[in-house]
Amino acid sequence: MLNPLIDEIFELILTKQVWQVHTLAAELTTRSAMTTLDKSPERDLFKRNFLIMNALYQLQAQLCPQSLLISALHIELLEKGDNSLVTTNENLRDYYLDWHNYDTSEEQIDELLNSFWRQFKTTSPQQALNENEFKELALEWKLPENFTLKNVQKRWRQLALQMHPDKPSGCEVKFKKIKLQYEQLKVAAR
């Protein structure tokens, strides 16, 4: 199936040297090339990312695999002969080119997110919280007094959905900060 975003994305990557999936999504939304795709926020985000990645991989195949660098945080149309940076993750490419994956259920999306978070590592070293910092952070996160690991995980997902760089209101710096806080709270909740 031909993705309707291919031409729009191609025009965008011609105008700017480096893109990220979330910046492409924001620009496509601004241009009204992409609207809400699902009433569930998680599925909507998943479908938006799926369409963008699908279009990028279809475009890569049309242009020649060595001329389009694709990763979530770095999308770049390379100059001729500058293909030393390109390595294609075939599993990822195959996943996004399979249209059956577009209609992924909320449970499957949850599992994909859980798998991602298990692999996601913070770039900042983890610091242990003292008692006052722990109480302040629990208040900031609006956690119940005797919170459990499950409470922390649920609140993390809520905050991550708000702050994720792929969201229009998202912020990479804030996202990394809450990820670090999440790791600290997880240790404390055990």
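Points worth noting:
- Single match in 174, 167 (criterion: surrounded by 11 or more Cβ atoms within 10 Å (Cβ to Cβ), out of contact with any strand residue (DSSP E or B) (no Cβ under 7 Å at 6 or more places or on another chain), modelled with pLDDT of 80 or more and not aliphatic (A, V, I, L, M)): 174
- Restricting attention to the stretch 32-60, the residues that are within 12 Å of the chain's Cα centre (by Cα) and crowded, with 18+ Cβ neighbours inside 10 Å total 7.
- If the condition is being touching a helix residue (DSSP H, G or I) at 6+ places or on another chain (Cβ under 7 Å) and modelled with pLDDT of 85 or more, then the stretch 111-137 contributes only 137.
- The stretch 142-190, residues that are over 25 Å from residue 26 (Cα atoms), in a helix (DSSP H, G or I) and of a type in the set (S, T, N, Q): 151, 153, 181, 184
- Elements of type helices (runs of 4 or more DSSP H) contained in the stretch 1-110, each with 1 or more residues being under 23 Å from residue 160 (Cβ atoms), of a type outside the set (Phe, Trp, Tyr) and modelled with pLDDT of 90 or more: 21-30, 41-63
- Across the stretch 134-190, the qualifying residues are those that are without any contact (Cβ under 8 Å) to a residue 12 or more places away in the chain and aliphatic (A, V, I, L, M), and the one among them that is nearest to residue 22 (Cα to Cα) is 173.
- Subset of the stretch 150-164 (residues that are of a type outside the set (A, V, I, L, M, F, W, C) and buried (at least 18 other Cβ atoms within 10 Å of the Cβ)): 155
The values are calculated or read from the model by the stated rules, or taken from the named source; none is laboratory data. Being a predicted model, the structure only gives us computed values, none of them experimental. Methodologically, a virtual Cβ is constructed for each residue, glycine included, from the backbone with ideal geometry; neighbour enumeration extends over all protein chains shown.
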